[in-house]
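Heads up, the thing below is written out as structure tokens.
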Amino acid sequence: MEKEVFLDKLKKLVALGKSKQNALDATEINDFFAGDNLGPEQMDEIYNYLEHSNIDVVPVKLRRRAAEFIDCIAVRRSCIL
């Protein structure tokens, strides 16, 4: 992938992260770059770019539990997770 295209995708990924409370999980990152055939160095660049852009990479399980908790609060019911 050309460096310019890669940088453009990184900027879009950061925008996605900002729209999700400054957090993404690994699945979202992998899905975003699906089909791009990225190597280990590019993956390191992605994670470093996200870190410097104040986007947290959270475990998938943690994100799912947080979403369940937010849904629970939204309907004002007892929340036992």
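The values are calculated or read from the model by the stated rules, or taken from the named source; none is laboratory data. All values reported here derive from a predicted model rather than from experimental measurement. Glycine also receives a Cβ, built like all others from the backbone with ideal geometry; neighbour counts cover every protein chain displayed. Just the protein is used for accessible areas: all its heavy atoms, side chains included, with ligands, DNA and RNA removed. Shrake-Rupley method; radii C 1.70, N 1.55, O 1.52, S 1.80 Å.
Annotation note: Cβ proximity below 7 Å between a residue of segment 4-15 that is within 10 Å of S53 (Cβ to Cβ) and a residue that is of a type in the set (A, V, I, L, M, F, W, C) and open to solvent by 50 Å² or more (accessible area, probe 1.4 Å) (sequence gap 6+ or interchain) occurs for L13/F32.
Taking first residues from segment 54-67 that are under 17 Å from V14 (Cα atoms) and among the acidic types (D, E) and partners that are part of a strand (DSSP E or B) and at pLDDT 65 or above, the Cβ contacts under 9 Å between residues at least 6 apart in sequence or on separate chains come to D56/A23; D56/L24. Would you tally the residues in segment 22-50 being open to solvent by 70 Å² or more (accessible area, probe 1.4 Å) and touching a strand residue (DSSP E or B) at 6+ places or on another chain (Cβ under 8 Å)? Selection size over segment 22-50: 1.
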